[in-house]
Amino acid sequence: MAFDTREYEWADVTVVIGGIDSKGIRQVKYKKKVESEPIYAKGREPHSIQTGNSSYEGELELLQSDYDALELAAGGDITRSNIGILVAYGNPANGDAIRTDLIRGVKFTETERAAKQGDKFMPRTLPFIALGIQRIV
């Protein structure tokens, strides 16, 4: 077995938003958070760590043209949509194993427009919450 140190790069990332392969994606980030709390009893040191609810959140950055297509597909208001996002890492042409995450039940929480002098394009950042993140093998 050969050891390969090749890492995934941005060119190896494919993001499908609500069934649309996004060519104008500039960033995708997402995470799972778990409520955790140390439990104290006798003494000053914690005895264990208990966990509670899980939550999922993230953020997309798109070019304006992709944002417009997403907004149109959502009926004019992306904050009212409920979609899935598929994120695939890897390039089989380079021998990479494809790793895929499905972000389920995505709800965009806000949308903002911003532009400033000297901008060559207008990126749109879309924070979201989700129902779950599932690794698809």
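Output yes when any residue across segment 14-23 is open to solvent by 50 Å² or more (accessible area, probe 1.4 Å), in contact (Cβ under 8 Å) with a residue 60 or more places away in the chain, out of contact with any His (no Cβ under 8 Å at 6 or more places or on another chain) and polar (S, T, N, Q), and no when none is.
Within segment 14-23, one or more residues are open to solvent by 50 Å² or more (accessible area, probe 1.4 Å), in contact (Cβ under 8 Å) with a residue 60 or more places away in the chain, out of contact with any His (no Cβ under 8 Å at 6 or more places or on another chain) and polar (S, T, N, Q).
Among Ile129, Ile78, Ile85, Ile103, which is in contact (Cβ under 8 Å) with a residue 40 or more places away in the chain, touching a helix residue (DSSP H, G or I) at 6+ places or on another chain (Cβ under 9 Å) and within 19 Å of Lys29 (Cβ to Cβ)?
Numbers: Ile129 fails: touching a helix residue (DSSP H, G or I) at 6+ places or on another chain (Cβ under 9 Å); Ile85 fails: touching a helix residue (DSSP H, G or I) at 6+ places or on another chain (Cβ under 9 Å); Ile103 fails: touching a helix residue (DSSP H, G or I) at 6+ places or on another chain (Cβ under 9 Å).
Exactly one residue qualifies, and that residue is Ile78.
Conditions first: (1) modelled with pLDDT of 90 or more; (2) in contact with a Gly (Cβ under 8 Å, 6 or more places away or on another chain); (3) closer than 25 Å to Gln134 by Cα. Ser65 passes all but one, so which condition is the exception?
(3)
Assess whether Ile133 counts as being at pLDDT 90 or above, outside any loop (DSSP other than H, G, I, E, B) and over 16 Å from Ile20 (Cβ atoms). It would help to see each step written out before you state the result.
Numbers: at pLDDT 90 or above: yes; outside any loop (DSSP other than H, G, I, E, B): yes; over 16 Å from Ile20 (Cβ atoms): yes.
Here the answer is yes, as Ile133 does meet what is asked.
So, in segment 5-29, of the ones that are over 19 Å from Ile98 (Cβ atoms) and part of a loop (DSSP other than H, G, I, E, B), which residue ends up farthest from the chain's Cα centre (by Cα)?
Ranking the qualifying residues of segment 5-29, first place goes to Gly24.
Filter segment 46-95 down to the residues that are part of a loop (DSSP other than H, G, I, E, B), within 16 Å of Ala11 (Cα to Cα) and in contact with a strand residue (DSSP E or B) (Cβ under 8 Å, 6 or more places away or on another chain) and list them by number.
Here is the first cut: in segment 46-95, the residues part of a loop (DSSP other than H, G, I, E, B) are 74-77, 81-82, 90-91, 95.
From the residues that got through so far, the ones that are within 16 Å of Ala11 (Cα to Cα) too are 90-91, 95.
Gly90 - this is the single residue of segment 46-95 that is part of a loop (DSSP other than H, G, I, E, B), within 16 Å of Ala11 (Cα to Cα) and in contact with a strand residue (DSSP E or B) (Cβ under 8 Å, 6 or more places away or on another chain).
Tell me whether segment 33-41 contains one or more residues that are in a loop (DSSP other than H, G, I, E, B) and either surrounded by 10 or more Cβ atoms within 10 Å (Cβ to Cβ) or within 16 Å of the chain's Cα centre (by Cα) (or both). Show your work before the answer.
Here is the first cut: in segment 33-41, the residues in a loop (DSSP other than H, G, I, E, B) are 41.
Narrowing the set further to residues that are either surrounded by 10 or more Cβ atoms within 10 Å (Cβ to Cβ) or within 16 Å of the chain's Cα centre (by Cα) (or both) leaves none.
Checked against the condition, which is being in a loop (DSSP other than H, G, I, E, B) and either surrounded by 10 or more Cβ atoms within 10 Å (Cβ to Cβ) or within 16 Å of the chain's Cα centre (by Cα) (or both), segment 33-41 yields no hits at all.
The values are calculated or read from the model by the stated rules, or taken from the named source; none is laboratory data. Owing to the predicted nature of the structure, the values given are computational and were not obtained by experimental measurement. Here the Cβ is made from the backbone with ideal geometry for all residues, glycine too, and neighbour counts use every protein chain on show. Note: accessible area is taken over every heavy atom of the protein model, side chains too, but ligands, DNA and RNA are not part of it. Shrake-Rupley method; radii C 1.70, N 1.55, O 1.52, S 1.80 Å.
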